[in-house]
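Worksheet: the structure to be examined is printed underneath.
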Amino acid sequence: MASGLQIKSRNPKLVGDEEDEEVEVRPKKTNQLEIKTVSAKRRSINREPSRRSVYLSKFLRKRPTYDELVLNGIVKDNSVFGCHLQYQRIISGQTLQVPEFVWRCVVKLESDPTNLTTEGIYRVPGDAAKIQKLRIDIDQGKWDTFEACDDVHVLAGSLKLFLRELPDPLIPFKIHSDAVKAAMGLGVYQADVAQSLDAVLDQLDIVERDTLEVVVRHLGKVAKASNKMDVDNLGLLFGQVLLWPDPLAPLDMKLIAEAAKNVQVADALIRHQAKIFPPPNTLAVPV
């Protein structure tokens, strides 16, 4: 018999009968013919699952959930990046309360005077893979990678990443408008930009203000070092790091124009940081 022979038969159609059924004849390897009807094909779809599929199904059902992994200590829910300031581990000194990562990062960068003289600090991007490795380890409560890191650009990039990934900007949306007016000399004290900004920042809670103080005073030291990163350059970089437009606001030319004014705020904060945040700045925080 020729290979692949198909026989189609039709029975006389009777009243009340179902549709005519096709019969497909296929040759078997044993030289026997296998007749498989359409109804048989349908039954094959509902065949019993194999042992392998049963095993995989049971394995996937037994796979622990994320909450169970956290409960068992396999995954530590110690998120630092992308976590609200109020949920961060706060380090308290004599006068300051700041997130642990911010404090450690600033102290590490300032511990060696040559770090601040690194050309293009905060402008030159650090190794993305190293930054992500550092970030993942810190989120898991592991600080070994951070402590072993001596790459200034990786440390600076990590600090910028931390600030960018806050759920809300360090300078909240609610005081954006007042901060912009103060930086432009249109605040409550008019031409006295420092005093106007100081009045605006009084609206922040203690952790927000203290964190901003540590970051801005650090940037003031960076601006004074010989590294080709003056106040103008730092203001341009941190204008979109310390504050950004409300993501729920409609995207239009007005919003873009307002975003450009953020640079003026960052510039003014760094330029007048000594008056806005006068000494003593106690960063000698116990570990």
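Miscellaneous remarks
- Label-to-label distance, nm, for residues given as LYS221 and ASP127 (7 Å Cα→Cβ offset): 2.5 nm
- Using a simple spin-label model with pseudo-atoms 7 Å out from Cα toward Cβ, ALA199 and LYS58 lie 7.4 nm apart.
- Contact order normalised by residue count of the stretch 121-178, Cα under 8 Å, 6+ apart, percent: 41 percent
- Spin-label model, SER50/ASP168: points 7 Å from Cα along the beta carbon direction are separated by 5.6 nm.
- The listed residues CYS105, CYS149 rank as CYS149, CYS105 when sorted by accessible area, largest first, using a 1.4 Å probe.
The values are calculated or read from the model by the stated rules, or taken from the named source; none is laboratory data. The structure presented is a predicted model; accordingly, all values stated were derived computationally and were not measured. Positions of Cβ are backbone-derived with ideal geometry, glycine not excepted, and every protein chain shown enters the neighbour counts. Side chains are part of the model used for accessible areas, which takes the heavy atoms of the whole protein and leaves out ligands, DNA and RNA. Shrake-Rupley method; radii C 1.70, N 1.55, O 1.52, S 1.80 Å.
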